[in-house]
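Some notes on the structure that comes next.
The values are calculated or read from the model by the stated rules, or taken from the named source; none is laboratory data. None of these values were measured; they are calculated from a predicted model. Note: ideal-geometry Cβ built from the backbone for every residue, glycine included; neighbour counts use all protein chains shown. Note: accessible area is taken over every heavy atom of the protein model, side chains too, but ligands, DNA and RNA are not part of it. Shrake-Rupley method; radii C 1.70, N 1.55, O 1.52, S 1.80 Å.
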Amino acid sequence: QCQLSGLWRNDQDSLMEISVLRDNGDFQGQYLTQVTLSGGCAQISPLRGAQQQLGEEGWPTFVFTVHWDKFSNASTAFVGQCFVDAGGKETLSTMWLLREAVGSLEEDWKATR
């Protein structure tokens, strides 16, 4: 079975560490992105999420959010599933949705990526 806790690196060299995984599936950790909206220096941001609890078989799904409050006025939600290949390598497959603040309702169209 796939274990979410630990250190993960994505294709863009961003790092995610899930340090606390509770019995009910809730987890927390930190995220260091290598991709920023402003092009500036990224900082570690806290993350919180939940993993769907399954029996001993199956690949769990999960969701987590990151608020980039130290260097960006945006929040991102990630959803994904954890897989283990025949060699025992764990992989997280995710999709994300980023919301950045805009100044008016008329600019709402450009706020979500």
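From Phe62, Phe27, grab the single residue that is among the aromatic types (Phe, Trp, Tyr), modelled with pLDDT of 80 or more and in contact with a Cys (Cβ under 9 Å, 6 or more places away or on another chain). Step by step, each of Phe62, Phe27 is checked, and only Phe62 is among the aromatic types (Phe, Trp, Tyr), modelled with pLDDT of 80 or more and in contact with a Cys (Cβ under 9 Å, 6 or more places away or on another chain). Picking from residues in region 15-24 that are over 15 Å from Thr65 (Cβ atoms) and in contact (Cβ under 8 Å) with a residue 24 or more places away in the chain, the one that is farthest from the chain's Cα centre (by Cα) is Asn24. The set of residues in region 43-59 that are at pLDDT 80 or above and under 20 Å from Leu32 (Cβ atoms) comprises Ile44, Ser45, Pro46, Leu47, Arg48, Gly49. Could you check, for region 80-97, whether at least one of its residues is modelled with pLDDT under 90, open to solvent by 40 Å² or more (accessible area, probe 1.4 Å), out of contact with any Phe, Trp or Tyr (no Cβ under 7 Å at 6 or more places or on another chain) and more than 19 Å from Leu4 (Cα to Cα)? Looking for residues that are modelled with pLDDT under 90, open to solvent by 40 Å² or more (accessible area, probe 1.4 Å), out of contact with any Phe, Trp or Tyr (no Cβ under 7 Å at 6 or more places or on another chain) and more than 19 Å from Leu4 (Cα to Cα), one finds none in region 80-97, hence no.
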